[in-house]
Amino acid sequence: MKCEHCTRKECSKKSKTDDQENVSSDGAQPSDGASPAKESEEKGEFHKLADAKIFLSDCLACDSCVTVEEGVQLSQQSAKDFLHVLNLNKRCDTSKHRVLVVSVCPQSLPYFAAKFNLSVTDASRRLCGFLKSLGVHYVFDTTIAADFSILESQKEFVRRYHQHSEEQRELPMLTSACPGWVRYAERVLGRPIIPYLCTAKSPQQVMGSLVKDYFARQQNLSPEKIFHVVVAPCYDKKLEALREGLSTTLNGARGTDCVLTSGEIAQIMEQSDLSVKDIAVDTLFGDMKEVAVQRHDGVSSDGHLAHVFRHAAKELFGEHVEEITYRALRNKDFHEVTLEKNGEVLLRFAAAYGFRNIQNMIQKLKKGKLPYHFVEVLACPRGKGFTGPPTACPIGIVKAGCSPTPWHAILRHEGSLPSTVM
């Protein structure tokens, strides 16, 4: 089986359906005499989910991106592993319990709201209540991690802009928050493109550092004592958690132990005895007196472009930008934003979503004809996750400006990102 419109003569990427068809056509049976159904059950949930067809618009890394070892590790990034830790906490001695922390990406909330016919705010509260009813100790919002990531991206762009020259090309800066795009750049595009990738940690990596470093110290816990789960709308976030040699904490431990998609959490909710309407309502971060639904600006679920653009306009040219106008160029997944003064273009930013726009961008970059200072790149068309809602809806999770959370204390007292986080 090949990806849609694939031009490769040979490809090692196959689905389980293809393997079963080959076995059927050859008339061969498993050597141990086990039935196909039993064999399928033993392979686990990851292989069951692999039955879906692969499309070029969904999969960027078609060059054998997932190794056998990574496949085994991915099988552990499942609801089964999450529930296993929950069950161990119920059975074993309290001294051996692990503290379960779940961080919810704001892009996941519209999925739950649409699926269970709730408002985004109500969906976040019921999701939090359901997770705590399972035995989760803390439920956090990753919006603050995205804020940290954007702050570092802003600083890096200004630095690159000052250092850029014909001899030392630092621009365009390409965002690196989308794991599907980063994996494609690293494993397929290689050295010509990698130097242009933003070096700031992604929100998921920042959140891992916050939980396993800062939060662990606040609670007098060792990082190994914490089992950190991230709920994300994109399957590529699982691969991000497994990146070779990636350790996001000061002590070298992985910041994220398990990534579950919105769909996987929804399956757990549907299989539970409780109806969604009967789930106890709880709030993130603990008790909150005032709540507001917050979101990052922009046309996508990423939001880096708008924040970096405003910061660069003010920092580099003293221009205060209130409203950003996105102009669609080739198609609805490629937008351009410019800062002009006296007829001169000072900044030219772009947002490229989906494989075809990425390919066009890369070809121009290699030829030295890409006219942009900054490009927000996302693997998914319209900048949404694979398991997200039918429209790109970057609504943030419920968050209170006065909530007693450790994350807001970092911004308030330190004013910048702690060195242990980035």
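Listed values, structure above:
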{"item": "Chain lengthening between TYR326 and GLN271 when straightened (0.36 nm per residue, less Cα-Cα)", "result": "15.5 nm"}
{"item": "Pairs beyond 20 Å (Cα-Cα), from LYS155/LYS369; LYS212/LYS237; LYS201/LYS369; LYS212/LYS238; LYS332/LYS366", "result": "LYS155/LYS369; LYS201/LYS369; LYS332/LYS366"}
{"item": "Estimated FRET transfer efficiency when R0 is 51 angstrom, pair SER222-LYS369 (beta carbons, to 0.05)", "result": "0.45"}
{"item": "Burial ranking of peptide ranges 123-132, 86-95 (average Cβ count within 10 Å, highest at the top)", "result": "123-132, 86-95"}
{"item": "Ranked packing of 163-169, 333-339, most packed first, by mean Cβ within 10 Å", "result": "333-339, 163-169"}
{"item": "Mean Cβ neighbour count within 10 Å, used as a protection proxy, ranking 350-360, 306-316 highest first", "result": "350-360, 306-316"}
{"item": "Cα-centred dipole magnitude for region 327-380, charges only on beta-carbon of K, R (+1) and D, E (-1), debye, nearest 20", "result": "280"}
{"item": "Rounded, prolate or oblate (a/c below 1.5 giving rounded, otherwise prolate when a/b exceeds b/c) for region 165-224 by Cα gyration tensor", "result": "prolate"}
{"item": "Over region 339-385: Rg over Rh, Cα atoms, Kirkwood Rh", "result": "1.07"}
{"item": "Reciprocal mean inverse distance between Cα atoms of region 299-369 - Kirkwood radius, Å", "result": "13.3"}
{"item": "Per residue solvent-accessible surface (Å²) - region 73-162, probe of 1.4 Å", "result": "40"}
{"item": "FRET efficiency, 1/(1 + (r/R0)^6) with R0 41 Å, evaluated for ARG382 and LEU134 via beta carbons", "result": "0.80"}
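The values are calculated or read from the model by the stated rules, or taken from the named source; none is laboratory data. Predicted model, so just to flag it, every value in this text is computed and none were measured. As a convention, Cβ positions derive from the backbone with ideal geometry for all residues, glycine included, and neighbour counts pool all protein chains shown. Remember, those area values only see protein heavy atoms, side chains included, never the ligands or the DNA or RNA. Shrake-Rupley method; radii C 1.70, N 1.55, O 1.52, S 1.80 Å.
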